[in-house]
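The values are calculated or read from the model by the stated rules, or taken from the named source; none is laboratory data. Remember, it's a predicted structure, so these values are computed and weren't measured experimentally. Positions of Cβ are generated from backbone atoms using ideal geometry, with glycine treated the same way; all protein chains shown enter the neighbour counts. The accessibility values were calculated without ligands, DNA or RNA, using every heavy atom of the protein model including side chains. Shrake-Rupley method; radii C 1.70, N 1.55, O 1.52, S 1.80 Å.
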Amino acid sequence: MEKLIGNVFVDADACPVVIKEEINKFSNMFNFEPIFVTSYAHASSTDQPGRWILVDASPEEVDLYIHNHSKQNDLVVTQDHALASLLLSKGVYVITPRGKQFQENEMERVLHERYMSAKARRSGKHSKGPAKFKKEDTERFCTVFCEILSNVEGK
């Protein structure tokens, strides 16, 4: 068995099943260990492929686990902008389940937009929410995910 190159941490509470399947497939191809982190409240069966870490159901427990255990050149799959900001400063690659890769130079703007959206929601303004997950989202994710894993593998 070859030595693992790194880890792929997945904020599994809100990650679509199809993306979890792709993460397992490609992580193994590139010799990364897929680690799915979820709260007890969101845990389903334990016979799913990959390594599963169950954490307390308290808010931010999944994020704290991922932040505390990830290291430079690991990859994290999450939709959480605040977590992404913290991880980028550690040299961790971060992408969403839809394949958007976060960049450190855009985080100030992204966090400001997140703040303004939360402020609007508190004042009673509600937006539609995310679009339905499509096949194109999965394809984009796979492309970006494999590019990152390939780049890290080549270092």
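Tabulated data for the structure shown
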item: Correct choice for Rg/Rh (Cα atoms, Kirkwood Rh) that was computed from the model, options [x] 0.96; [y] 0.94; [z] 1.08; result: [x]
item: Note, ³J(HN,Hα) from phi for region 73-88, Karplus 6.51, -1.76, 1.60, rounded to Hz, x at Gly and Pro; result: 6, 6, 10, 10, 10, 7, 9, 7, 5, 5, 4, 4, 4, 5, 6, 4
item: Fraction of accessible area attributable to carbon and sulfur, the chain (%, probe 1.4 Å); result: 52 percent
item: Sum of side-chain charges, LYS119 neighbourhood, beta-carbon under 15 Å (Lys, Arg +1; Asp, Glu -1); result: +3
item: Mean separation of Cα contacts under 8 Å (6+ apart) over length of the chain, as relative contact order %; result: 22 percent
item: Estimated FRET transfer efficiency (LYS119, GLN48; beta-carbon r; R0 25 Å; 0.05); result: 0.10
item: Cα-centre dipole for region 74-155 with unit charges at Cβ (Lys and Arg positive, Asp and Glu negative), debye to 20; result: 640 debye
item: Cβ-derived FRET efficiency at R0 30 Å, ALA57 paired with HIS126, nearest 0.05; result: 0.75
item: Whole-Hz ³J(HN,Hα) from phi, Karplus 6.51 cos²θ - 1.76 cosθ + 1.60, for region 131-141, glycine and proline x; result: 5, 4, 5, 10, 4, 5, 5, 5, 5, 4, 4
item: Percent antiparallel among DSSP beta bridges (both partners in the chain, rounded to 5); result: 5 percent
item: Amide hydrogen neighbours beyond the local backbone of ILE53, cut-off 5 Å, H modeled; result: PHE36, VAL37, THR38
item: Which of GLU106, GLU113 is most accessible, then next, and so on - probe 1.4 Å; result: GLU113, GLU106
item: Helix-only CD estimate at 222 nm, as mean residue ellipticity for the chain, using -39500 (n - 2.57) per DSSP H run (n ≥ 4); result: -13500 deg cm²/dmol
item: Amide proton proximity set for VAL92, modelled H, under 5 Å, gap of 5+; result: ASN73
